[in-house]
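Here is the structure we will look at, set down as structure tokens.
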Amino acid sequence: MADPNLDSDRFPPSLWAATTAAAVSTAPLPPGMHFADLLVIGAGFTGMSAALRAAERGSRVVVLEAAEIGWGASGRNNGQVIPAMTRADPDAIVAEYGVEKGEALVSLIGESANTVFDLARRHRMECGAVQAGWIQPAHRASRLGLARSRVEQWRRRGVEAELLGRDRTAELTGSSFWYGGWQNMTGGHLNPLAFVRGLARAAQDAGACIHTRTPVSSLTRQGAHWVAAHGDARVQARRVLIATHSYTGRPARAPWPGIADALLPMRSYQMATQPLPAHLRASILPHDHAMSDTQSDLHFARFDRNGRLVTGGALVVPFGYKDRLRRRIGARVRRMFPQLDGLPLRFEYLWHGDFAVTPDRMPRFAKLDDGLYTWYGCNGRGVALSTAVGAELADVALSGDERGSRLPFSTLRPIAAHAIVERLAIGAMLYYRWKDRRD
Ligand SMILES: Cc1cc2nc3c(=O)[nH]c(=O)nc-3n(C[C@H](O)[C@H](O)[C@H](O)COP(=O)(O)OP(=O)(O)OC[C@H]3O[C@@H](n4cnc5c(N)ncnc54)[C@H](O)[C@@H]3O)c2cc1C
């Protein structure tokens, strides 16, 4: 049977798709010529945040989405709002991009959780937003140094971060599985599909025209303008933001060459349990944190508003994934939270999606041509980052002022031997699991 997660005619069988109010009404782009100041391709966090920002500033905005709002990574992730990258820590970002641009990008990342929760509040989104903090526990004593270093680097930049001893970590997670860790108090979690639909509603209210079921099949330069085509319909715009990220080339043709070769799509499986009994809900992540630990084979969890534990993991061999995941992640969750022993765990929802990884785990921002921009490489941390970057990209696209932007632009960085590296990257999980147990 075809995998429903890959079918662009419907949403993946996710908890979010099953429990979220419908999106604003949209339709495919009608035939004929349409005009915009900013054309956005892709309706995830990046695209919708950009559309909202540009429309609020009075620009004419058209958004074209191949499937539906939030069909890509934005509607199917774990919903952890994390204002930090997986491996690219602040000092590494500054080393990569230089003091001025690097610090500017770090400040955008550091503020990104507040950006998300402020938007949710300002636009009264019913997206289960909980800003109770994000915690990163250390899975081995040797990773406590990493926690110390991250707290030090963020605090040096004025970001609220707390180093956690073993007891405090046990208090916040409800488990003595971890050795300590750190938390960022501005983080949290939400229902990501409700949030991206909330952004779309706000953007539409501000005047943006959103067209779904409208895959862009070509993007060409005509004089001072770009023209995007979909069947007999065209959109002409001076500025274009390609916000297709890890779904570049899926479910539709890539609107621009080279983006898909600059990133590695990495699959993550998501699962949600039945609502847990109240006493267990109260003993696991009792302060309602979002949690993802220091392992490369990430252990992560958060609750939804009905007391379902939303967790998941990665697989090297995808065949027969449902049964294997139920066994593997079921056992993992019990190791993390032994209080679940004796409770039959039913994973009532199981789905997957792909996020974009770059070889050095740095986010990349590209000016593809005059007035044409994109970004890629959330590296698994894109709820907050994509939202913040989308708004920033809209500003840059409309002003043309890349120098004044907080984003460091470069050209695309294609990955050499992409097809081979893509295959190896999946297998690399075996190495990372081995390393997780030894580091
Ligand atoms: C399973 C999973 C779990 C994750 N968990 C977390 C988490 O807990 N916390 C966190 O911070 N990050 C997480 N992430 C990462 C985060 O979801 C992404 O970084 C973020 O959603 C990227 O948003 P985006 O708008 O850039 O791209 P997307 O949401 O992927 O949007 C791209 C859109 O472009 C459309 N498109 C593609 N081609 C065309 C075309 N030719 N024409 C028109 N439209 C097109 C697609 O249909 C898609 O809707 C997770 C990702 C996955 C997959």
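The values are calculated or read from the model by the stated rules, or taken from the named source; none is laboratory data. All values derive from a computational prediction rather than experimental measurement. Cβ sites come from the backbone with ideal geometry, for glycine too, and all protein chains shown count toward neighbours. Side chains are part of the model used for accessible areas, which takes the heavy atoms of the whole protein and leaves out ligands, DNA and RNA. Shrake-Rupley method; radii C 1.70, N 1.55, O 1.52, S 1.80 Å.
Of the residues P408, P359, only one is touching a residue at least 60 places away in the same chain (Cβ under 8 Å) and surrounded by fewer than 17 Cβ atoms within 10 Å (Cβ to Cβ); which?
P359
Go through the residues of region 306-321 one by one and say whether even a single one is modelled with pLDDT of 95 or more, crowded, with 19+ Cβ neighbours inside 10 Å, under 18 Å from W178 (Cα atoms) and more than 12 Å from the ligand (Cβ to nearest atom).
No, the conditions are met nowhere in region 306-321.
When only residues in region 240-264 that are open to solvent by 30 Å² or more (accessible area, probe 1.4 Å) and of a type in the set (A, V, I, L, M) count, which is nearest to the ligand (Cβ to nearest atom)?
A254
So that you can scan it fast, the table gives a plain yes or no per residue for (1) closer than 23 Å to A17 by Cα; (2) part of a loop (DSSP other than H, G, I, E, B):
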{"site": "A229", "(1), (2)": "no, no"}
{"site": "A252", "(1), (2)": "yes, yes"}
{"site": "P255", "(1), (2)": "no, yes"}
{"site": "D261", "(1), (2)": "no, no"}
{"site": "M266", "(1), (2)": "yes, no"}
{"site": "Y269", "(1), (2)": "yes, no"}
{"site": "T273", "(1), (2)": "yes, no"}
{"site": "H279", "(1), (2)": "no, no"}
{"site": "L298", "(1), (2)": "no, yes"}
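State all residues of region 61-77 that are assigned to a loop (DSSP other than H, G, I, E, B), near the ligand (Cβ under 6 Å from one of its atoms) and buried (at least 24 other Cβ atoms within 10 Å of the Cβ); if no residue qualifies, say none.
Taking region 61-77 and keeping what is assigned to a loop (DSSP other than H, G, I, E, B), we get 65-72, 76-77.
So of that shortlist, the ones also near the ligand (Cβ under 6 Å from one of its atoms) come out as 65-67, 71-72, 76-77.
Of everything in region 61-77, those that are assigned to a loop (DSSP other than H, G, I, E, B), near the ligand (Cβ under 6 Å from one of its atoms) and buried (at least 24 other Cβ atoms within 10 Å of the Cβ) turn out to be E65, A66, W71, G72, R76, N77.
Read through the list (1) open to solvent by less than 20 Å² (accessible area, probe 1.4 Å); (2) within 16 Å of the ligand (Cβ to nearest atom), then give the number of the only condition that T26 fails.
Against the list (1) open to solvent by less than 20 Å² (accessible area, probe 1.4 Å); (2) within 16 Å of the ligand (Cβ to nearest atom), T26 comes up short only on (1).
Read through the list (1) surrounded by 24 or more Cβ atoms within 10 Å (Cβ to Cβ); (2) within 22 Å of the chain's Cα centre (by Cα); (3) near the ligand (Cβ under 9 Å from one of its atoms); (4) of a type outside the set (D, E, K, R), then give the number of the only condition that F195 fails.
Result: F195 fails condition (3) only.
Collect the residues in region 339-349 that are open to solvent by less than 10 Å² (accessible area, probe 1.4 Å) and part of a strand (DSSP E or B), keeping them in residue-number order.
Passing the criteria: none in range.
Considering only region 29-60, how many residues are open to solvent by 40 Å² or more (accessible area, probe 1.4 Å) and within 30 Å of P275 (Cα to Cα)?
0
Taking region 351-382, which residues are in contact with a helix residue (DSSP H, G or I) (Cβ under 6 Å, 6 or more places away or on another chain) and not in a loop (DSSP other than H, G, I, E, B)?
W351, H352, G353, D354, F355, A356, Y373, W375, Y376
Among F355, F365, F337, F347, which is in contact with a Cys (Cβ under 8 Å, 6 or more places away or on another chain) and aromatic (F, W, Y)?
Exactly one residue qualifies, and that residue is F355.
Quick test for you: out of A224, A272, A290, A229, pick the one residue that is crowded, with 24+ Cβ neighbours inside 10 Å and out of contact with any helix residue (DSSP H, G or I) (no Cβ under 9 Å at 6 or more places or on another chain).
A290
Results for (1) out of contact with any Leu (no Cβ under 8 Å at 6 or more places or on another chain); (2) open to solvent by less than 60 Å² (accessible area, probe 1.4 Å); (3) modelled with pLDDT of 95 or more, shown as yes or no for each residue.
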| position | (1), (2), (3) |
| --- | --- |
| P363 | no, yes, yes |
| A366 | no, yes, yes |
| D370 | yes, no, yes |
| W375 | no, yes, yes |
| T387 | no, yes, yes |
| A391 | no, yes, yes |
| V396 | no, yes, yes |
| L430 | yes, no, no |
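Run M125 past the list (1) farther than 20 Å from D304 by Cβ; (2) touching a residue at least 60 places away in the same chain (Cβ under 8 Å); (3) crowded, with 17+ Cβ neighbours inside 10 Å; (4) out of contact with any strand residue (DSSP E or B) (no Cβ under 7 Å at 6 or more places or on another chain) and report the number of the one that doesn't hold.
So the condition that M125 fails would be (1).
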